[in-house]
1. Probe of 1.4 angstrom, ligands and nucleic acids ignored: what's the accessible area per residue over the chain, in square angstrom?
2. Counting only DSSP beta bridges with both residues in the chain, what percent are antiparallel, rounded to the nearest 5?
3. So what's the gap between the Cα centers of the stretch 72-93 and the stretch 1-46, to the nearest angstrom?
4. Based on Cα positions only, what radius of gyration and what Dmax would you give for the chain, in angstroms?
5. With a 10 Å radius around each residue's Cβ, average the other Cβ atoms per peptide and rank 2-14, 43-55, highest first.
6. Could you tell me which of rounded, prolate or oblate describes the stretch 13-82, using a ≥ b ≥ c as the square roots of the eigenvalues of the alpha-carbon gyration tensor, with rounded for a/c under 1.5 and, failing that, prolate when a/b is larger than b/c and oblate otherwise?
7. Using Cα positions and a limit of under 15 Å, work out the aspartates and glutamates in reach of residue 64, with same-chain residues fewer than 8 apart set aside.
8. Could you give the length gained by full extension between residue 27 and residue 42, i.e. 0.36 nm per residue of separation minus their alpha carbon distance, to one decimal place?
Amino acid sequence: QVQLAESGGGSVQAGESLRLSCAASTAILHNSMGWFRQAPGKEREGVAAILPSGSMTTYAASVKGRFTISRDNAANTLYLQMNSLKPEDTAVYYCAIGDAFGLSERFYKNWGQGTQVTVSS
């Protein structure tokens, strides 16, 4: 149904910032949304999630204080501001639409294709 398109990935050096965007083809104002990432050889992990209104967010411990998830429902867009990037943040980042709030992959059914983030030391 809804299509998601991530953008904003790229290659940066440690300490730099990136802002990822996820554009949805339809309205998302009633859905929790999340960002996930998967590094080579590792399992996909939840990075950040946000309630439909944006009033509550949750983050993986590894990114708390460095990443900020936000949304613009009028623009059907989800964002992930990533500051103070570290080499261990290198991964393919995916956005997803969920039916519940949290970092568990089982809450999410609709996924984007992903965008590569590479952080060098």
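The values are calculated or read from the model by the stated rules, or taken from the named source; none is laboratory data. These figures come from a predicted structure and were not determined experimentally. Cβ atoms come from the backbone with ideal geometry, glycine included; neighbour counts cover every protein chain shown. Just so you know, the surface numbers come from the protein's heavy atoms only, side chains and all, with ligands and any DNA or RNA stripped out. Shrake-Rupley method; radii C 1.70, N 1.55, O 1.52, S 1.80 Å.
1. Values: 6060 Å² over 121 residues.
So the chain comes to 50 Å² accessible per residue, rounded to a whole number.
2. Working: 37 of 41 bridges.
About 90 percent, rounded to the nearest 5.
3. Result: 6 Å between the Cα centres.
4. Cα radius of gyration and Dmax of the chain are 13.1, 40 Å respectively.
5. 43-55, 2-14
6. Note, shape of the stretch 13-82 comes out prolate.
7. 45, 88, 89
8. Details: separation 15, 0.36 × 15 = 5.40 nm, distance 3.20 nm.
Result: 2.2 nm gained on full extension.
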